[in-house]
Amino acid sequence: DQSLDFLSSHPNAPQRVELARRHARAFGPEGTHGESGRDYYLKGIDGLLYGDSPQEGYVRGQTFLHGSLGIRFEVPDGFQIDNKVEAVLATGPGDVAIRFDGVADAGRRSLSNYISSGWVTGLLPETIRDVTVNGLEAATARASAERWDFDITVIRIGPQIFRFLTAVPKGSAVLTPTADKLRASFRRITPQEAATLKPLRVRVITVGSGDTIGTLSARMMGTDRKLELFRLINALVPTSTVAPGAKVKIISE
């Protein structure tokens with residue numbers, strides 16, 4: 001029953017292969033060699049945006065940066081950042097999770113009052129503290145619910161309140177160091193820093209005489225698995241080599 005198949009509008013891989021073969025047979029018998037259109041294809045995707053768009057900010061290793069908001073912060077080593085439209089999420093060892101987002105607050109209420117306004121489940125009111133974070137007005141608190149302990153940090157920049165929510169399994173000793181790392185790393189970026197931020201793009205390059213898969217994959221950005229991603233986007237297997245003059249894809253600014 002196709003009405004129950006959530007892949008009906010986005011066929012799975014075997015269905016896509018079969019559909020491609022069906023279209024190809026319209027041009028000739030299977031196995032017929034013709035123009036593959038590789039150069040045309042590579043020219044068409046050269047410069048294609050890859051990953052985060054400028055409107056959603058950038059992830060560079062353990063750092064999140066947002067040019068138009070003018071902010072940046074870092075997560076601890078071992079954490080993986082997932083930049084979603086509604087929030088920035090990060091997960092780390094020991095079932096630790098971080099959520100970062102922002103809300104408008106034109107009324108400019110005190111941050112202590114904002115934390116206690118009802119959006120934090122399990123808030124421990126006696127833990128609310130007014131603090132500063134790299135010169136910015138901020139407040140922190142703790143919360144506890146079911147199997148989790150939380151650190152809540154809110155920071156004001158103009159009419160915007162930025163929010164960190166750090167969650168750890170109840171009783172975990174890593175809550176304080178993780179939250180402290182986030183707070184200490186959060187700061188405004190200068191217009192000059194913002195101007196240097198560029199999105200990642202697909203770049204088509206020509207293999208040079210001294211290039212190898214290792215040297216080419218080392219130029220990849222936006223991943224800590226450079227070799228694996230380079231092989232993937234170029235349809236290379238572990239035993240493949242690259243020839244001088246060939247065109248390959250990399251991810252870079």
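Return the residues of the range 48-78 that are open to solvent by less than 20 Å² (accessible area, probe 1.4 Å), in a loop (DSSP other than H, G, I, E, B) and either touching a helix residue (DSSP H, G or I) at 6+ places or on another chain (Cβ under 8 Å) or in contact (Cβ under 8 Å) with a residue 40 or more places away in the chain (or both); say none if nothing qualifies.
Across the range 48-78, the qualifying residues are Gly70, Val75.
Kindly indicate whether any position in the range 164-178 is part of a loop (DSSP other than H, G, I, E, B), within 25 Å of Gly78 (Cβ to Cβ) and open to solvent by 70 Å² or more (accessible area, probe 1.4 Å).
Within the range 164-178, one or more residues are part of a loop (DSSP other than H, G, I, E, B), within 25 Å of Gly78 (Cβ to Cβ) and open to solvent by 70 Å² or more (accessible area, probe 1.4 Å).
Are there any pairs with C-beta distances below 6 angstrom linking a residue in the range 231-249 that is under 16 Å from Val202 (Cα atoms) and part of a strand (DSSP E or B) to a residue that is open to solvent by 50 Å² or more (accessible area, probe 1.4 Å) and of a type in the set (Ser, Thr, Tyr), with the two at least 6 apart or on different chains, and if so which?
Pairs that qualify, where the first residue is under 16 Å from Val202 (Cα atoms) and part of a strand (DSSP E or B) and the partner is open to solvent by 50 Å² or more (accessible area, probe 1.4 Å) and of a type in the set (Ser, Thr, Tyr), are Lys247/Thr206.
Under the condition of being hydrophobic (A, V, I, L, M, F, W, C) and over 30 Å from the mean Cα position of the chain (by Cα), which residue from the range 108-141 is farthest from Ala179 (Cα to Cα)?
Once the filter is applied, the top-ranked residue is Leu124.
With respect to Val202, is the statement that it is over 24 Å from Phe73 (Cα atoms) and either open to solvent by less than 70 Å² (accessible area, probe 1.4 Å) or at pLDDT 95 or above (or both) true?
Against the criterion (over 24 Å from Phe73 (Cα atoms) and either open to solvent by less than 70 Å² (accessible area, probe 1.4 Å) or at pLDDT 95 or above (or both)), Val202 qualifies.
Anything in the range 6-47 that is in contact with a strand residue (DSSP E or B) (Cβ under 8 Å, 6 or more places away or on another chain) and either over 21 Å from Arg201 (Cβ atoms) or in a loop (DSSP other than H, G, I, E, B) (or both)? List them, or say none.
Answer for the range 6-47, where residues must be in contact with a strand residue (DSSP E or B) (Cβ under 8 Å, 6 or more places away or on another chain) and either over 21 Å from Arg201 (Cβ atoms) or in a loop (DSSP other than H, G, I, E, B) (or both): Asp46, Gly47.
Assuming Arg183 fulfils every condition listed in (1) open to solvent by 30 Å² or more (accessible area, probe 1.4 Å); (2) closer than 16 Å to Gly102 by Cα; (3) in contact with a Phe, Trp or Tyr (Cβ under 7 Å, 6 or more places away or on another chain); (4) of a type outside the set (S, T, N, Q) apart from one, which condition is it?
Status for Arg183: all satisfied but (3).
Condition first: under 19 Å from Gly47 (Cα atoms) and out of contact with any Ser or Thr (no Cβ under 6 Å at 6 or more places or on another chain). Now tell me which residues in the range 220-230 satisfy that.
Matches in the range 220-230: Met220, Gly222, Thr223.
One residue is enough: does the range 166-188 have a residue meeting the conditions acidic (Asp, Glu) and over 20 Å from the mean Cα position of the chain (by Cα)?
Yes, the conditions are met somewhere in the range 166-188.
Using beta carbons and a limit of 8 Å, which pairs, at least six apart or on different chains, have the first residue in the range 106-130 and at positive phi and the second one surrounded by 14 or more Cβ atoms within 10 Å (Cβ to Cβ)?
Close Cβ pairs (under 8 Å, with a partner that is surrounded by 14 or more Cβ atoms within 10 Å (Cβ to Cβ)) amount to Arg108/Arg156; Gly122/Ala143; Gly122/Ser144; Gly122/Phe150.
Output yes when any residue across the range 20-43 is of a type in the set (Phe, Trp, Tyr), open to solvent by 70 Å² or more (accessible area, probe 1.4 Å) and either within 30 Å of Leu136 (Cα to Cα) or at pLDDT below 85 (or both), and no when none is.
The answer is yes, given that some residue of the range 20-43 is of a type in the set (Phe, Trp, Tyr), open to solvent by 70 Å² or more (accessible area, probe 1.4 Å) and either within 30 Å of Leu136 (Cα to Cα) or at pLDDT below 85 (or both).
I need the full set of residues from the range 110-165 which are hydrophobic (A, V, I, L, M, F, W, C) and closer than 15 Å to Arg188 by Cβ, in order please.
Val133, Leu136, Ala138, Ile155, Ile157, Ile161, Phe162
I'd like the full set of residues that are assigned to a helix (DSSP H, G or I), within 23 Å of Leu49 (Cβ to Cβ) and among the β-branched types (Val, Ile, Thr), limited to the range 188-230.
Thr196
Tell me which residues, restricted to the range 102-125, are open to solvent by 50 Å² or more (accessible area, probe 1.4 Å), not in a strand (DSSP E or B) and not hydroxyl-bearing (Ser, Thr, Tyr).
Matches in the range 102-125: Ala106, Gly107, Arg108, Arg109, Asn113, Gly118, Trp119.
The values are calculated or read from the model by the stated rules, or taken from the named source; none is laboratory data. Keep in mind that this is a model prediction, so the values were computed, not measured. As a convention, Cβ positions derive from the backbone with ideal geometry for all residues, glycine included, and neighbour counts pool all protein chains shown. To get the accessible areas, we keep the full protein, side chains included, count just its heavy atoms, and leave off ligands, DNA and RNA. Shrake-Rupley method; radii C 1.70, N 1.55, O 1.52, S 1.80 Å.
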